[in-house]
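The values are calculated or read from the model by the stated rules, or taken from the named source; none is laboratory data. These numbers come from a predicted model, not from an experiment. Here the Cβ positions follow ideal geometry from the backbone for every residue, glycine too, while neighbour counts run over all protein chains shown.
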Amino acid sequence: MEGARALAPLVTGVAISALVALVVGLAVSLGPSPGGEEVAAAQNSPGASEPPLPSPAGTPLPVDPPGYSPVEPVLEGSFADPTVIKVAGTYFAYGTNNADAIMPVATAPSPTGPWRSAPGDGLAHLPAWAAQGWTWAPEVVPPRDGSRTYVLYFTARRKDSDHQCIGAATASSPAGPFVPSAGEPLVCPLDLGGAIDAASYIDTDGARYLLYKTDGRETAAIHLVSLNPDGLSLAGEPKRIMGRGAGEPVLVEAPDLVRRGGKYVLFYSSGWYFQPNYQTRYAVASSIEGPYEKATAPLQSTEAYRGGIEGPGSADVLTDETGDYLVFHGILDYHDESKVTRGMYIARLGWDGARPAVRGVTVRYEAERARLNGCVSALGREHASGHAAIGPFARDDCRVDVSVFAPAEGSYSVDARYANRSGQDSDLELSVNGYAAASLRLATTTGAEWRSATAKVQLAAGWNTLGLRRMDGGRGQFDYLELR
C-alpha cells in the first residue's frame, strides 16, 4: 500500500507540473509582467535588493480579498512552517507534511489569497536515508542566473537513528514534484543532534548560504554555511551565529534572513512549537556572520495578538512588487501531548530601517513618552502601565502628540486607556498627522479604575502622529495608546 501511495502523488504531481509549466511558459512568452521572473528569483533572497520604493502617486494599493484579515488563517487546515514564492503571477506556498502529502502545496493569485490547496504531493518521494512521516519546514528557491531548476530544502528523520537532517531536491516546476538528491543528506551534524529548519539566503554579490538549526537540546543554535552556486552542495564550514538568549523560552529555531536598512535581519522562533508561548523574534547585524544583536521583545507572540493567534512562529519573508509580507503559522487546535494543528497566516511587513513591524500585532505606546506641551504633564500612577500616565487636560488648547508606526497604509484601531474622574463624560479630539480624524468619549470612572476608548483611523505606511486635544471642557488622564 505504501508503494501505491507513493506512486499516486508522483503521477498527479507530474500532471500538475505540466499544467503549471504551460501557464508559466505562456506568461513568460507574452513578456515580463510586474513581479515576474525577476521578482520570483528574489523571493527567498531579499538581500539581492533593498525594499521596494513607495508606490507612485495614484498607484492603486493591492486589494485584499473579502474575508482576509492579518489575524485570520489564510489556510485553516494543517499547513505548518510555510514558505511562499511567486512565479508568473501565481503564489505558491509549501508546508510541513500533513495527512495528504509529504509536502503540501497551495496556490493563490495574491499573497493575501484566496488560497487553495493543490492536489497531489509537491515532493515525489523521500530519499533513501529518510523515514516516512517526519518531513518538516520546506524552503523553495526559484531559478537564478539562467537556470530553470527550482531547489527545495527539507527536513526529514533518518531511518537509522532518531536524528533529523536536511536534504535537497529539485524540480522544473514550482508545483513539483521535487525529486530528492541521491546519496547522503546535505546537512547532518550528528554530533550536534542533527539539523532542521533550512533557510536559503543569497547575498548582494550572488553568494549563496544556508541557515539551519542544530537539533540537540543542549546545543540548539542557528548556523550558517556557504553553498556552491547551484545550491546543492556545501562550499565551506558551518558557523554558529546565534544561540538562545536569556529570557527566551526553551530554544531558538526556524531562521529566515533578509537585508533591510543596510543591516542583516535574522528572524527566528523561540519556544516549543506546540505551546502557546512559541513566538517570533529577530536580531540585527552588520555582517552576515554576526554578531547579531537581539531585539528585547518578541515581534510576534500570543500576548501581542491578545490571544487572537496562538503560538505564532516559523516566520518567512515574502517580497513582491507591493512590498514585504510575513508568512507564518499559528496554533489552531491542540491534540495529545505535542500534537497541534497549525494553519498558515500572512500579514504585511513594514520597516523602520532594520526594525520590522507586522500588521495585526498590537503595539503599545506609553502616554508619558508622548510630546507634552506644558499644560499636560506626566503623572505617577501606581495602577497604570509603567506606573505613569499623563494629564490632566486643563485647558481647551491642551494637546499631546504620540508618534506611532504603521507597517502598511490602511485602517487601524486605536485603543486609549484612560481615567476620567471629573464626574462627567468628556470628549477629546483624535487627530492624525494634524487633521481631525475621530473623537474619543471618556465615560466617567471612579477610584483606581481605568477604561478603554476605541477609534478607527486611517494611517500612512511608516511613522504617523496621533494628537489628543481637549474638546468642550473635557478632562481625562491617559495611561497608553495601543495600535492594532
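Could you please give the count of residues in segment 76-115 that are surrounded by 19 or more Cβ atoms within 10 Å (Cβ to Cβ) and closer than 21 Å to residue 198 by Cβ?
Qualifying residue count for the region: 23.
Which of (1) surrounded by fewer than 20 Cβ atoms within 10 Å (Cβ to Cβ); (2) under 34 Å from the mean Cα position of the chain (by Cα) does residue 381 not meet, given it meets every other one?
Condition (2) is where residue 381 drops out.
What are the residues in segment 312-364 that are crowded, with 24+ Cβ neighbours inside 10 Å, aliphatic (A, V, I, L, M) and in contact with a Phe, Trp or Tyr (Cβ under 6 Å, 6 or more places away or on another chain), if any?
315, 344, 346, 349
Only one of 440, 466 is more than 26 Å from residue 348 (Cβ to Cβ) and surrounded by 20 or more Cβ atoms within 10 Å (Cβ to Cβ); which?
Of the residues listed, the single one that is more than 26 Å from residue 348 (Cβ to Cβ) and surrounded by 20 or more Cβ atoms within 10 Å (Cβ to Cβ) is 440.
Here are the criteria: (1) farther than 30 Å from residue 336 by Cα; (2) in contact with a Lys or Arg (Cβ under 8 Å, 6 or more places away or on another chain). Tell me which single one residue 263 does not satisfy.
Every condition holds for residue 263 apart from (2).
What number of residues within segment 137-175 are of a type outside the set (A, V, I, L, M, F, W, C), more than 15 Å from residue 97 (Cα to Cα) and buried (at least 24 other Cβ atoms within 10 Å of the Cβ)?
Residues in segment 137-175 being of a type outside the set (A, V, I, L, M, F, W, C), more than 15 Å from residue 97 (Cα to Cα) and buried (at least 24 other Cβ atoms within 10 Å of the Cβ): 1 in total.
Somewhere in segment 442-452, is a residue charged (D, E, K, R) and within 30 Å of residue 352 (Cα to Cα)?
Checked segment 442-452: no residue is charged (D, E, K, R) and within 30 Å of residue 352 (Cα to Cα).
Would you check if residue 100 is part of a loop (DSSP other than H, G, I, E, B), free of Cβ contacts under 8 Å to residues at least 24 places away in the same chain, acidic (Asp, Glu) and assigned by TED's automatic domain parsing to the domain that holds residue 344?
Criteria met by residue 100.
Got a sec? Which of 246, 285, 220, 254 is surrounded by fewer than 18 Cβ atoms within 10 Å (Cβ to Cβ) and either modelled with pLDDT of 95 or more or farther than 26 Å from residue 347 by Cβ (or both)?
Step by step, each of 246, 285, 220, 254 is checked, and only 246 is surrounded by fewer than 18 Cβ atoms within 10 Å (Cβ to Cβ) and either modelled with pLDDT of 95 or more or farther than 26 Å from residue 347 by Cβ (or both).
Picking from 317, 284, which residue would you name as being of a type in the set (A, V, I, L, M), in a strand (DSSP E or B) and farther than 29 Å from residue 340 by Cβ?
None of the others qualify; the one that does is 284.
Could you check residue 286 against (1) without any contact (Cβ under 8 Å) to a residue 60 or more places away in the chain; (2) under 21 Å from residue 361 (Cβ atoms); (3) of a type in the set (Ser, Thr, Tyr) and say which number it fails?
The single condition residue 286 does not satisfy is (2).
List every residue pair whose Cβ atoms lie under 6 Å apart, where the two residues are 6 or more positions apart in sequence or sit on different chains, the first residue falls within segment 323-341 and is more than 16 Å from residue 69 (Cα to Cα), and the second residue, located anywhere, is not in a strand (DSSP E or B).
What qualifies is 323/52; 338/274; 340/274; 341/78.
How many residues does segment 181-196 hold that are acidic (Asp, Glu) and touching a residue at least 40 places away in the same chain (Cβ under 8 Å)?
Adding up the residues that qualify gives 1.
Does residue 114 fit the bill of being closer than 16 Å to residue 347 by Cα and more than 17 Å from the chain's Cα centre (by Cα)?
Yes.
Go over the candidates 65, 70 one by one and state the one that is within 20 Å of the chain's Cα centre (by Cα), in a loop (DSSP other than H, G, I, E, B) and at pLDDT 95 or above.
70
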